[in-house]
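Have a look at the structure below, then the notes.
The values are calculated or read from the model by the stated rules, or taken from the named source; none is laboratory data. Small disclaimer: the values here were computed from a predicted structure and weren't measured. Here the Cβ is made from the backbone with ideal geometry for all residues, glycine too, and neighbour counts use every protein chain on show. Quick note on the areas: whole protein, heavy atoms, side chains included, nothing else; ligands and nucleic acids left out. Shrake-Rupley method; radii C 1.70, N 1.55, O 1.52, S 1.80 Å.
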Amino acid sequence: MLTTTIREDTQRFLNRPARILIGGEWVNGTGTGRFQSLDPATGQAIGEIVSGSDSDVNDAVVAARSAFESPAWRGITAARRAEMLWRLADLIDENRAQLAELETLDQGKPYLSALNGDVAGSAQTFRYMAGWATKLDGETFNIGGSGQFHAYTRVEPIGVVGQIIPWNFPIGMAAWKIAPALAAGCAVVLKPAELTSFSALRLGELALEAGIPPGVLNIVTGSGSVVGTALVEHNGIDKISFTGSTEVGKAIVRASAGNLKRVGLELGGKNASIVLDDADMDRAVEGILQSAFGNSGQVCTAPSNILVQERIKAEFDERLAGAISRLSVGPGMEPESKVGPLVSESHLQHVEGFIERSRAAGATIVTGGSRLPSKGYFLEPTLVSNVDPTMEIARSEVFGPVITSMPFDTIEAAASIANDTEYGLTAQLWTRNVSTAHKMAELVDVGSVWINGKSMDIALPFGGFKQSGWGQEKGRAGIEQYTKSKTVVVAL
Ligand code: TAP
């Protein structure tokens, strides 16, 4: 049952001395640095986190290398790896209430959304990727004349992987990264976001309980500038998998050049939701509400430019504004809250800046636009109209509960507005016309297109075009990014 009282086991976990996970041991780290993690609903400290150092990262990489090469990991069958991941999924389910509370208290999102979305989805991610572990087969090749060659490819784990994740889906992103890497047989050093490290640390405990050998999963908390940079620059890392902003993604590409480690990037987005004049308006309003304001809009796939065909624009805006103004904003631990706080005071100010500058540039705030007077980092869900596609608010990733509404006449014009950004992550389309839907799906230059509804199922490959990233996560593509293919030729 949902309650604002925190579970005892959650409180105990938060009260523990801060530790990081290296080589299967919970250690202090070599530095003395600690910082307080805050509850964004109150601004109060909820627990202490280690500020990791360069030498912690080095220790973790050495532990990961040793685990990667150990018989306890390299020597076991793929089926055994799958069993461990499946067990971890079961443990996530068994501890789901605690994990969801950690997520809500640390990140702010509504408890039920953390429970049924992030935590349940993480268990599902481990089960799905466990299934791929036993299916990473190479190919044979028919070369030369009869009896001359036997040629084949071997699919091997890429090695030691550094994984850096953002604060918007702390446990979900950790699962997206860790599950495919371990399923492929890699060893991992994970750096959670400084603002939201608790659920990843709890996941580390559960991984050990699931029997994943010491050193296969290491977790070093701390800042991007210290821990993240040390990981990216480390020559003992074979691949970096990063989810975060495009700006940091570019810095990572530069910093990882030392040993030419491979780099996978899931970056920002400026996503359009295109509503055609034959759309089911109720469905479109509901879909936009969920995808734009879920997790307070702090979602890389959140639609933030709503493009509405001219004939229905006035009516659609009115319906959308009405629905937005009815969303209840409040602490994630309170059952009636649909939209929680933003993750931090500085992020709230960052998002408010976009609203203020759009107002100054002549846009109209149709609904919302202000922070709540209560403590915590709450912002009213906001709809901005009278927006021109050249305005900052229509071009930059806001990463908050703020959307614009803009008119278009033809589908080509809508696609052109949607594509006129440095990003290429997702687009949504709302129409009853199947031909228009497929035509639009081709016209928008993005990695994922959702027509009349959204799904982020773990089976679907996901990645961005243009400056939204390199490579794909989830699906078969998600595990393949942690493998390398070796060609072997035997002259008979
Ligand atoms: P960032 O500021 O880029 O931070 C992401 C992670 O990188 C954090 O762990 C951060 O550490 C670390 N980091 C920062 N500077 C670094 C550096 N120089 N070297 C190595 N690591 C560094 O992003 P954010 O503000 O947390 O998250 C929001 C962004 O993530 C948005 O742009 C959003 O679109 C994107 N995002 C994309 C996706 C996908 S799947 N495409 C999913 C979610 C989010 P600290 O914060 O701890 O210092």
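Here are some notes:
- Residues satisfying the criterion are absent from the stretch 193-200 (criterion: more than 16 Å from the ligand (Cβ to nearest atom) and not basic (Lys, Arg)).
- Any hit, the stretch 133-146, residues being part of a helix (DSSP H, G or I) and out of contact with any strand residue (DSSP E or B) (no Cβ under 7 Å at 6 or more places or on another chain): yes
- Just so you know, in the stretch 233-250 the residues that are under 21 Å from THR483 (Cβ atoms) and near the ligand (Cβ under 9 Å from one of its atoms) include one that is nearest to the chain's Cα centre (by Cα), and it is THR243.
- Scan of the stretch 251-275 for residues that are closer than 21 Å to PHE399 by Cβ and near the ligand (Cβ under 10 Å from one of its atoms), ordered by number: ALA251, ILE252, LEU265, GLU266, LEU267, GLY268, GLY269, LYS270, ASN271
- Filtering the stretch 234-261 to residues that are of a type in the set (D, E, K, R) and crowded, with 19+ Cβ neighbours inside 10 Å leaves ASP238, LYS239, LYS261.
- Summed over the stretch 452-471, residues that are more than 10 Å from the ligand (Cβ to nearest atom), in contact with a Phe, Trp or Tyr (Cβ under 7 Å, 6 or more places away or on another chain) and open to solvent by less than 80 Å² (accessible area, probe 1.4 Å) total 4.
- Residue match in the stretch 156-167 (condition: surrounded by fewer than 24 Cβ atoms within 10 Å (Cβ to Cβ) and acidic (Asp, Glu)): yes
- As for the stretch 473-487, it holds no residue that is over 26 Å from ALA78 (Cα atoms) and either among the small types (Gly, Ala, Ser) or away from the ligand (no atom under 16 Å from the Cβ) (or both).
- If you go through the stretch 472-483 and keep only what is surrounded by fewer than 16 Cβ atoms within 10 Å (Cβ to Cβ) and of a type outside the set (Gly, Ala, Ser), you end up with just ARG476.
- Residue in the stretch 324-342 that is touching a residue at least 40 places away in the same chain (Cβ under 8 Å), under 23 Å from the mean Cα position of the chain (by Cα), under 16 Å from SER304 (Cβ atoms) and not in a loop (DSSP other than H, G, I, E, B) present: yes
- Enumeration of residues in the stretch 89-122 that are crowded, with 20+ Cβ neighbours inside 10 Å, among the aliphatic types (A, V, I, L, M), closer than 23 Å to SER291 by Cβ and touching a residue at least 40 places away in the same chain (Cβ under 8 Å): ALA114, VAL119
- Only residues that are out of contact with any Gly (no Cβ under 7 Å at 6 or more places or on another chain) and surrounded by 22 or more Cβ atoms within 10 Å (Cβ to Cβ) were counted across the stretch 416-427, and they come to 3.
- The set of residues in the stretch 374-408 that are surrounded by fewer than 21 Cβ atoms within 10 Å (Cβ to Cβ), touching an Asp or Glu at 6+ places or on another chain (Cβ under 9 Å) and among the aliphatic types (A, V, I, L, M) contains only MET406.
- Matching residues in the stretch 188-224 - criterion: being in contact with a Pro (Cβ under 8 Å, 6 or more places away or on another chain) and surrounded by fewer than 20 Cβ atoms within 10 Å (Cβ to Cβ): LEU208
- Within the stretch 401-410, tally of residues that are over 18 Å from ARG311 (Cα atoms) and either of a type outside the set (A, V, I, L, M, F, W, C) or not in a strand (DSSP E or B) (or both): 1
- Scanning the stretch 163-178 for residues that are more than 9 Å from the ligand (Cβ to nearest atom) and in contact with a strand residue (DSSP E or B) (Cβ under 9 Å, 6 or more places away or on another chain) yields GLN163, ALA174, LYS177, ILE178.
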